[in-house]
Amino acid sequence: MPTLSESLQLAFQYHRANRLAEANEVYNKILEKQPHHPDALYGLGMLAKQVGQYQSAEKLFNLAVQVQPKSAKAWFSLGNLYQAQGKLKEAELAYKEVLALQPDSLAVYNNLGYTFQQQGLWDEAIACYEKALKIQPDCTEADVNLANALHTQGKLPAEKQAHYAGLNNDLGMTQKKAGNLKNAIACYQQAIVLQPTLASAHYNLGVALQQQRQFEDALSCYQRALELNPNDVELRDFIIIYQGLL
């Protein structure tokens, strides 16, 4: 009969291997023996979030932080979950709980800044991004987020806009590879705001919108990319085929 520690390690192994049903079974067996085991609650919360069961994930993360109030990872995951659902005030409070435990957390300052940004609290957002960059000066995501916030405030120098347009476009591709289409779309759109003539951003936005089944909007993006780069024969042929499928 495996110990609780051994069972937890087995659940982690299944989870890392994406064997979600088996991980779920082991986590639940642990909770049958110890109903308030914080790591099992957290693991189940991550599983629920992974499959889009946000209400269950929220309940499990909240149980985890009640049992273990100093669990920075549980507070952080709860904050991310709130942010993904647009529960921005709740996300803000959860991130602040993490910072009370880990004052030098780069990821939390970056995410908290984005939470402020989504609420239109630009000064607070900029302050968070600046703190993130003090912790890690070469953090591209925080650098890009700071530049985007400054641009919204009219404080980003014009000569830097093309540079940050390219970085937004690159960050969008990274987000897309990670499966975060919503974030990828936001990055591509920001790239276009900074540099409306960036053909690759229009094209990448089209690809992301197509994946979200927004077919007409995707076509508009492809067409704009072709207008900006009329010598792209492959794109021209693709658009002809794409139009025929609509």
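The values are calculated or read from the model by the stated rules, or taken from the named source; none is laboratory data. Everything quoted here is computed from the prediction, not taken from an experiment. Quick reminder, even Gly has a Cβ in these numbers, built from the backbone with ideal geometry, and neighbours come from all protein chains shown.
The table below gives the values:
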item	result
Condition met for G120 (under 24 Å from H151 (Cβ atoms), at pLDDT below 95 and of a type in the set (G, A, S))	yes
Those residues of the stretch 145-172 which are touching a Cys at 6+ places or on another chain (Cβ under 8 Å) and either at pLDDT below 95 or under 26 Å from S105 (Cβ atoms) (or both), in sequence order	N168, L171, G172
The stretch 81-93: number of residues that are in contact with a helix residue (DSSP H, G or I) (Cβ under 7 Å, 6 or more places away or on another chain) and not hydroxyl-bearing (S, T, Y)	7
Flag if N168 is out of contact with any Gly (no Cβ under 7 Å at 6 or more places or on another chain) and polar (S, T, N, Q)	yes
Lone unmet requirement of (1) in contact (Cβ under 8 Å) with a residue 24 or more places away in the chain; (2) within 27 Å of the chain's Cα centre (by Cα); (3) over 30 Å from L112 (Cα atoms) for I30	(2)
Considering residues of the stretch 125-171 that are of a type in the set (S, T, N, Q) and over 18 Å from the mean Cα position of the chain (by Cα) only, the residue surrounded by the fewest Cβ atoms within 10 Å (Cβ to Cβ)	Q153
Residues (part of a helix (DSSP H, G or I) and over 17 Å from D170 (Cα atoms)) located in the stretch 201-220	Q210, Q211, F215, E216, D217, A218, L219, S220
The stretch 73-115 - residue that is more than 14 Å from A125 (Cβ to Cβ) and of a type in the set (S, T, N, Q) and, of those, surrounded by the most Cβ atoms within 10 Å (Cβ to Cβ)	S77
Qualifying position, being at pLDDT 90 or above and on the phi < 0 side of the Ramachandran plot, among K33, K89	K89
Test: residue in the stretch 91-113 that is outside the structural domain of M46 (by TED's automatic domain parsing), of a type in the set (D, E) and under 16 Å from the mean Cα position of the chain (by Cα)	yes
Subset of the stretch 100-132 [over 29 Å from G154 (Cβ atoms) and either in a helix (DSSP H, G or I) or aromatic (F, W, Y) (or both)]	A100, L101
Options H151, H163: the member that is touching a residue at least 40 places away in the same chain (Cβ under 8 Å) and out of contact with any Gly (no Cβ under 9 Å at 6 or more places or on another chain)	H151
The stretch 94-111, residues that are touching a helix residue (DSSP H, G or I) at 6+ places or on another chain (Cβ under 8 Å) and free of Cβ contacts under 8 Å to residues at least 24 places away in the same chain	A94, Y95, K96, L99
Given (1) under 21 Å from G86 (Cβ atoms); (2) in a loop (DSSP other than H, G, I, E, B), index of the condition D138 fails	(1)
